[in-house]
Structures are given as structure tokens and as C-alpha cells.
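Participant: One structure is given below, represented as C-alpha cells, and several questions about it will come after.
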Amino acid sequence: DAGITQSPRHKVTETGTPVTLRCHQTENHRYMYWYRQDPGHGLRLIHYSYGVKDTDKGEVSDGYSVSRSKTEDFLLTLESATSSQTSVYFCAITSGSTGELFFGEGSRLTVL
Amino acid sequence: SQQGEEDPQALSIQEGENATMNCSYKTSINNLQWYRQNSGRGLVHLILIRSNEREKHSGRLRVTLDTSKKSSSLLITASRAADTASYFCATDANFGNEKLTFGTGTRLTIIP
């Protein structure tokens, strides 16, 4: 299994509070991604990173920010959580050479 | 908008039968990938087929790609209860392998 861990795995928070999800990898892969998964929508890309301090937006980036200060860590921040951000968030990594993504186990976020 | 759309949304078959699911996409691609997701888990890569390939096999999996119709199919032969999962196609239409877009998935249930 690829060395990728997400934390926390489960979180319940209230509307308006900040939330940070962490993705940690031990594979030294260049590319890291944050997706959200919602019923009827499949997986949608939020943000991705192609190197330290190099990030770009995905299709559903509004309300989210990311940071990557080290190769191994990719943080997803919700500055002020809303109920529409209740979802399961997946981090994924790839070396880019084959395109195969390795996924973490997901972080289930509930915003009340 | 989603690049890939799977069909059917849900499929139930008897153990031992073959399962076929389809994926349609909208724009030209470099490659198409299939992933499996067991309930409550992250996605796992199954197979990648490049745009210049028409068919690919991996164990009990057979994937076809028809770029003229912008469609792909995943065939699982001799299904097993452990094949019960959701299956997603993913394409790299936008910026090459570094940015995959996923479909909404097919939920496959194998009846023992």
C-alpha cells in the first residue's frame, strides 16, 4: 500500500469554524490532490499541488485553500466551514509517471 | 462538469456471472483509468488504458476503449462476492496525467 495518511479521519464541526485536513505521504511523490466525494457527484477535484509551494485550483475550489510547505504534507483548509462542505474528503498522490493515483482512506467532515 | 459518466448507475448480478459497466467522456484524452472503491474506503487503481490502445486485460478484468465513440467498458468475468464495490472511470482530458476527472461511478453488487 502507498504510504499516505489522512487526519483527522472523522470530524464534526459547526458552521463558521475553521477546519484543516492533513494529508501526509511517505512516497516522495511530486503530485498531491484533494478531492471531495458526494452522492451523485462522484469525486470532484478541489485543489492540487505539483510541487512544494506550487498549487492550483480544481473545479470546486471556492471556500477552500491549500498549502504545501514540504513534499510530504498537503493541507486543506476551510476558512469558515459551511453545511455545503459536509462531505468525504480524499487525498491522492502520484509520481506523475504513470498517472495512477494512490488514495488515502478519506476524512469524513460534518458541518452542523 | 464531469468528464466521465458511468452506466449503469447500479448493477446487481449473481456470483459467477460477468459484469459490464460503461464510461462515456466528452473530450479527447491521453488515457483512461478505472478505479474500485469498497464501502467506506479510498479508491484503488485497477487498470489504465492509453488512447492508442483498444483493449487491455488484467486478471479477470478486461477494458476496452473506443476513442471514436469516446467510450470505455470494464468487464469483470466470473464475478465474486468480493467484487462488490463502486467502480469509477477517470480521464486526463485537461492537463495530462496530473489532473484526473472522475465519473459518478457504478455501484456493483454481487449476489452470492
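Each reported figure results from applying straightforward, stated rules to the coordinates on display, with no laboratory input. Treat the numbers as computed from the prediction; the structure is a model and nothing was measured. Quick reminder, even Gly has a Cβ in these numbers, built from the backbone with ideal geometry, and neighbours come from all protein chains shown.
Participant: If you count, for every residue in A:101-111, the Cβ atoms of partner chains within 10 Å of its Cβ, what is the mean?
Facilitator: Working: counts 10, 4, 7, 3, 3, 5, 0, 1, 0, 0, 0.
Whole-number average of other-chain Cβ neighbours for A:101-111 is 3.
Participant: Report relative contact order for chain A in percent, whole number only (criteria: Cα-Cα under 8 Å, sequence separation at least 6). Don't skip to the answer; put the middle values down first.
Facilitator: On the way: 289 pairs, mean separation 39.7, N = 112.
In percent, rounded to a whole number, it is 35.
Participant: OK, next. Tell me the Rg and the Dmax, in Å, that the Cα atoms of chain B produce.
Facilitator: 13.3, 42
Participant: Also: Could you tell me what percent of the DSSP beta bridges with both partners in the protein assembly as shown are antiparallel, to the nearest 5? Walk me through the numbers on the way to the answer.
Facilitator: On the way: 76 of 86 bridges.
Antiparallel: roughly 90 percent of the beta bridges in the protein assembly as shown.
Participant: Rounded to the nearest 0.05, what FRET efficiency do residue A:67 and residue B:30 have when you use their Cβ-Cβ distance and R0 = 35 Å? Write down the numbers at each step before the final one.
Facilitator: Working: r = 29 Å, r/R0 = 0.83.
Efficiency for this residue pair is about 0.75.
Participant: Assuming R0 = 35 Å, can you tell me the calculated FRET efficiency for the pair residue B:75 and residue A:26, based on Cβ-Cβ distance, to the nearest 0.05?
Facilitator: Values: r = 35 Å, r/R0 = 1.00.
Rounded to the nearest 0.05, the efficiency is 0.50.
Participant: Under 20 Å from a label point 7 Å along Cα→Cβ of residue A:77: give me every residue in the range A:17-46 with its amide N that close.
Facilitator: Only A:17-25, A:32-36, A:46 fall inside the zone, counting backbone N under 20 Å.
Participant: With +1 on each Lys and Arg Cβ and -1 on each Asp and Glu Cβ, how big is the dipole of the range B:29-74 about its Cα centre, in debye rounded to the nearest 20?
Facilitator: Working: 9 positive and 3 negative charges, 20 e Å.
Its charge dipole is roughly 100 debye.
Participant: Toward the positive end of the charge dipole of the protein assembly as shown, about the Cα centre and with charges on Cβ (Lys, Arg +1; Asp, Glu -1), which of B:47, B:29, B:102 goes farthest?
Facilitator: B:47
Participant: May I pose another question? Using mean Cβ contacts within 10 Å as the protection proxy, how do B:14-21, A:67-74, B:26-33 order, highest first?
Facilitator: Per-residue Cβ counts within 10 Å, averaged per peptide and sorted highest first, yield B:26-33, A:67-74, B:14-21.
Participant: When a footprinting reagent is the concern and you count Cβ atoms within 10 Å, what order do A:112, A:78 take, fewest first?
Facilitator: Numbers: A:112 10, A:78 19.
Neighbour counts put them in this order, fewest first: A:112, A:78.
Participant: Taking Cα pairs under 8 Å and at least six residues apart, what relative contact order does chain B come out at, in percent? Present the calculation step by step, with values, prior to reporting the outcome.
Facilitator: Values: 289 pairs, mean separation 43.7, N = 112.
It comes to 39 percent, rounded to a whole number.
Participant: Report, in debye and to the nearest 20, how large the dipole of the protein assembly as shown comes out about its Cα centre when Lys and Arg carry +1 and Asp and Glu carry -1 on their Cβ. Mind dumping the intermediate values first?
Facilitator: Working: 24 positive and 24 negative charges, 23 e Å.
So the dipole magnitude of the protein assembly as shown works out to roughly 120 debye.
Participant: A further question follows. So what's the range B:24-73 giving for Cα Rg divided by 2.2 N^0.38 Å, two decimals?
Facilitator: Values: Rg = 11.7 Å, N = 50, 2.2 N^0.38 = 9.7 Å.
Normalised Rg, Cα atoms only: 1.21.
Participant: What dipole magnitude, in Debye to the nearest 20, does chain B give about its Cα centre under +1 on Lys/Arg Cβ and -1 on Asp/Glu Cβ? Let's see the in-between values first.
Facilitator: Details: 13 positive and 11 negative charges, 30 e Å.
Dipole magnitude for chain B comes out near 140 debye.
Participant: Which of A:29, A:101, A:111 sits farthest toward the positive end of the charge dipole of chain A, with +1 on the Cβ of Lys and Arg and -1 on the Cβ of Asp and Glu?
Facilitator: Most positive-ward Cα: A:111.
Participant: Another one. Can you tell me the equivalent ellipsoid semi-axes for chain A? Use √(5λ) from the Cα gyration tensor, largest first, whole Å. All intermediate terms of the calculation are to be shown ahead of the outcome.
Facilitator: Numbers: eigenvalues 99, 38, 34 Å².
They are 22, 14, 13 Å, listed largest first.
Participant: Quick one: if you stick a label point 7 Å off each Cα along the C-beta vector at residue B:38 and residue B:68, how many nm between them?
Facilitator: Roughly 4.1 nm, to one decimal.
Participant: How many angstrom lie between the C-alpha centres of the range A:49-101 and the range B:9-51?
Facilitator: Each part reduced to its Cα centre gives a spacing of 24 Å.
Participant: Over the protein assembly as shown, what per residue volume does the convex hull of the Cα atoms give, in whole Å³? Please list the in-between numbers first.
Facilitator: Values: hull volume 25.7 nm³, N = 224.
Hull volume normalised by residue count: 115 Å³.
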